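Below: the structure, in structure tokens.
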Amino acid sequence: MTAVDGLPTTHAPARRELPPSMVERVTLIMDLFEGRTARLSLEEVARCTRLPRSTAHRILDQLVRLRWLEHTGLGYGLGRRALGFGGGDGAHGRIREAAAARLHQLQIRTGLVVHLAVLDGAEVYYLDKVGGRFAATVPSRVGGRAPAHSTALGKAMLAWLEPEDVEARAGESIGRMTQRTICDMGTLHQELDRIRRRHGLAFERGECFPDIACAAAAVRGPDGPVAAISLVGDAWSPLEKVAPLVVDAARQVSRELFPHRQTPGGSPRRTAFEPEETWSAQTMDRLLAVGQYGDWQ
């Protein structure tokens, strides 16, 4: 109590901050699930969101019933709607669906880790990761991101954009991830030109993560690249021997997504940079030779 003009008065208790709205509570919970494989218990959700356990349980139950989340013995994870199979993520869902079989075939055939990613500004965004014994040592995750200029995935997609678009995306964010990262636009443009001359085949060895090597090719549509597929191994993996398989897989996914990729005149539509798609035995030999002599770096 305090005195005013000699009379005791009392302060009104401080108003408690209003609890977040239902939308805010749902957002707090959904933000915890950063990738397709994330699994959390009820206790972890309540602790991370600071929501009462009963409130968190009620919201989680509703999200499961609406298929935004699923609940198994391993905990809560993203459900069909959140993953795009219910229409909430149509573009990415279509790409994942079209690529799924090819990714698994690549992994089984090579024994290497396989990535599927899209270009998001200056970064690649990982849509899928199919791993073998080497998967745990590859520091990538579904839902994760990496600078496009330092990854084979990103360079494979950037190669089919106009130079002005490349500079608008990567110009301000280009920077060093490792000692081997391309750090200036002039060198990046030279690298993208080499990728185009290799019919879209992109490589990187230790540019994003030390001791990691990748070979990638873009999945292309009528208006440019829509995604990319990569094979990932350690820095000593002979990726030049399996790299053409990545190009073939990307082409198959392109045909799956764009079966009527035609110009008004009826011929296949090609981008400004796209060479003739002739893959004779001689072309394959030249590609393997390019990789063998390290022309990508």
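The values are calculated or read from the model by the stated rules, or taken from the named source; none is laboratory data. Fair warning: this is a prediction, and the values are worked out from it, not measured in the lab. Every residue, glycine among them, receives a Cβ derived from its backbone with ideal geometry; neighbour counts consider all protein chains shown. Ligands, DNA and RNA are stripped out before the accessible areas are found, and what is left, the full protein with its side chains, is counted by its heavy atoms. Shrake-Rupley method; radii C 1.70, N 1.55, O 1.52, S 1.80 Å.
Quick check on Ile95: is it at pLDDT below 90, over 23 Å from Asp165 (Cβ atoms) and in a helix (DSSP H, G or I)? Against the criterion (at pLDDT below 90, over 23 Å from Asp165 (Cβ atoms) and in a helix (DSSP H, G or I)), Ile95 does not qualify.
Answer yes or no: is there a residue in segment 225-243 that is among the hydrophobic types (A, V, I, L, M, F, W, C), outside any loop (DSSP other than H, G, I, E, B) and modelled with pLDDT under 80. Looking through segment 225-243, none of the residues is among the hydrophobic types (A, V, I, L, M, F, W, C), outside any loop (DSSP other than H, G, I, E, B) and modelled with pLDDT under 80. Scanning segment 151-173 for residues that are open to solvent by 10 Å² or more (accessible area, probe 1.4 Å), assigned to a helix (DSSP H, G or I) and of a type in the set (Gly, Ala, Ser) yields one hit, Ala168.
Of all the listed residues (Arg180, Arg196, Arg176), the sole one being assigned to a loop (DSSP other than H, G, I, E, B), touching a residue at least 12 places away in the same chain (Cβ under 8 Å), open to solvent by 40 Å² or more (accessible area, probe 1.4 Å) and not polar (S, T, N, Q) is Arg180.
Residues in segment 106-126 that are touching a residue at least 24 places away in the same chain (Cβ under 8 Å), surrounded by fewer than 22 Cβ atoms within 10 Å (Cβ to Cβ) and farther than 11 Å from Ser230 by Cα: Arg109, Thr110, Val118, Asp120, Gly121, Ala122, Glu123.
Comparison of Arg25, Arg58, Arg16, Arg50 shows that the only residue that is loosely packed, with under 11 Cβ neighbours inside 10 Å, at pLDDT 85 or above and among the charged types (D, E, K, R) is Arg50.
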